[in-house]
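Written out below as structure tokens is the structure these notes cover.
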Amino acid sequence: MGEEKENAQERVVDISLKDLSKKLEDFARVRDWEKYHSPRNLLLAMVGEVGELSEIFQWRGEVDKGLPNWEESEKEHLGEELSDVLLYLIRLSDICGIDLGDAASRKLVKNAIKYPPPPPNVL
């Protein structure tokens, strides 16, 4: 228990999707939650988290980049909700057999072809 608590408190500066995936898999396995992690259940859980994320912005109107007028506690709460969405997305992609990093990279290439940059202004 002590080692798990210490590991949970470590600040990870740079972590890959694959590392997060492994941590999520281990987290679910040791708690015997794998039986609940069907694609449908994970998707619905993620949608619930997106709802919680939406509530943070619901009545704020437009928000400046960097959230300069937000309290640190509000930013921390936002980070937690963003993380919930990300973690469910990673777990869902794994359960569905999708390499999320590869899929996202391929999607960026498709988007670059579909939406090319405007031509430079020629005088």
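The values are calculated or read from the model by the stated rules, or taken from the named source; none is laboratory data. Just so it is clear, the model here is predicted, and its values are computed rather than measured. Cβ: placed from backbone, ideal geometry, glycine included. Neighbour counts: every protein chain shown. Keep in mind that these areas ignore ligands, DNA and RNA; they rest on the heavy atoms of the full protein, side chains included. Shrake-Rupley method; radii C 1.70, N 1.55, O 1.52, S 1.80 Å.
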Quickly work out the Lys65-to-Val122 label distance, labels modelled 7 Å from Cα along the C-beta direction, and quote it in nm with one decimal. 3.0
Helix 39-57 sits at what angle to the longest principal axis of the chain, using alpha carbons and giving 0 to 90 degrees rounded to 10? 60
What's the angle, to the nearest 10 degrees (0 to 90), between helix 72-95's Cα axis and the longest principal axis of the chain? 80
Links exceeding 31 Å between C-alpha atoms in this model, out of Lys22/Lys114; Lys18/Lys114; Lys22/Lys107; Lys35/Lys110; Lys75/Lys107, come to Lys22/Lys114; Lys35/Lys110
Residue-normalised accessible area of the chain, expressed per residue, 1.4 Å probe, Å²: 83
What is the percent carbon and sulfur in the accessible area of region 44-123, measuring with a 1.4 Å probe over the protein chains and ignoring ligands? 60
Using only the alpha-carbon atoms, how far is helix 100-114 inclined from the longest principal axis of the chain? Give it as 0 to 90 degrees, nearest 10. 10
Ignoring chymotrypsin sites (Phe, Trp or Tyr not before Pro) that are buried or in helix or strand per DSSP, and keeping those with at most 15 other beta carbon atoms within 10 Å, what is the longest stretch of the chain between them? 60-123
